[in-house]
Amino acid sequence: MDEIKTSEIQQPVTIFTGYESLQEKAQLLFYKEVEEGCVLVFDKTPFFARGGGQVADLGTIDGAEVLDVRDWDGFYLHVVNSKKTYQVGEVLELIVDKEMRKRISILHSLTHVYWGEIENILNSKCDQTYELITHEDSTIEMVTIDEQFITQEILDQAIEKVKQDIALAIPSQIYLEDNKPDKRVVTWENVSFDYCVGTHVLNTSELKPPIILKFKKKANKHRIKFTF
């Protein structure tokens, strides 16, 4: 991957359609063999490229396994486990793994809602210094202010709050603030408001209560790892 330069890709940037669709027939704009298999760039893609703390979608392209997707200056580089030779101009079928997308969307939305409920209990905002949402779990690092601290009791209280949010089926509201693509807002009324490019559920009824895997704290820095 390191040997690829964006200057090699003399094409418009990739159009991401993955908020609306999980399957596309797209035209191949760039092909290159790499150690992992090959890298493919298309005019459009339903695959979410890793970013905003969220890992890339899994799935297949032309029946071959997608290992990773990276957004490189607007070009979506699909790393595919295939030694097949492709021709620029070909139209291939791109299919996102529906179950894996669903799981990571639940985890990402749960991260926002759980974090929001922790802040609501503290009645204070927290600075996020780290976030990683994989297909298996979510890890967030939060820094509290005003000399407040997150305790196991607060984590447990927030889980109960999340259970209430699930029962209320609060709609996910997603929009561009001032119509700016770099200001994509994801919010649940009275629970959470954040800027986020990730994938999310339609409402909180799709969430599951978080299960804490690890909780570490040092001074006012708290790292929480959970799944569902």
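Residues in the range 77-101 that are within 12 Å of Leu28 (Cβ to Cβ) and touching a residue at least 60 places away in the same chain (Cβ under 8 Å): 7 in all. Scan the range 215-228 for residues that are in a strand (DSSP E or B) and either under 23 Å from Pro46 (Cα atoms) or touching a residue at least 40 places away in the same chain (Cβ under 8 Å) (or both) and the total you get is 9. When you look at Asp62, is it under 18 Å from Pro12 (Cα atoms) and surrounded by 14 or more Cβ atoms within 10 Å (Cβ to Cβ), yes or no? It is false that Asp62 is under 18 Å from Pro12 (Cα atoms) and surrounded by 14 or more Cβ atoms within 10 Å (Cβ to Cβ). Here Gly116 passes the criteria (1) open to solvent by 70 Å² or more (accessible area, probe 1.4 Å); (2) over 16 Å from Leu213 (Cα atoms); (3) in contact (Cβ under 8 Å) with a residue 60 or more places away in the chain; (4) not β-branched (Val, Ile, Thr) except the one numbered (1).
Just to be sure, is Glu99 within 16 Å of the chain's Cα centre (by Cα), loosely packed, with under 13 Cβ neighbours inside 10 Å and at pLDDT 95 or above? So Glu99 fits the description; yes.
What about Ser124, is it assigned to a loop (DSSP other than H, G, I, E, B) and closer than 30 Å to Lys218 by Cβ? Spelling it out, Ser124 is indeed assigned to a loop (DSSP other than H, G, I, E, B) and closer than 30 Å to Lys218 by Cβ.
Filter the range 171-212 down to the residues that are in contact (Cβ under 8 Å) with a residue 40 or more places away in the chain, assigned to a loop (DSSP other than H, G, I, E, B) and among the aliphatic types (A, V, I, L, M) and list them by number. The answer is Val191, Val197, Val201, Leu207. Entry remark, the range 119-134: residues being open to solvent by 30 Å² or more (accessible area, probe 1.4 Å) and more than 12 Å from the chain's Cα centre (by Cα) number 8 in total.
Asp165 meets the conditions (1) touching an Asp or Glu at 6+ places or on another chain (Cβ under 6 Å); (2) open to solvent by less than 20 Å² (accessible area, probe 1.4 Å); (3) at pLDDT 95 or above in every case but one. The failed one is (1).
The values are calculated or read from the model by the stated rules, or taken from the named source; none is laboratory data. This is a predicted model, so every value here is computed, not measured. Quick reminder, even Gly has a Cβ in these numbers, built from the backbone with ideal geometry, and neighbours come from all protein chains shown. Please note that ligands, DNA and RNA were not included when accessible areas were found on the heavy atoms of the full protein model with its side chains. Shrake-Rupley method; radii C 1.70, N 1.55, O 1.52, S 1.80 Å.
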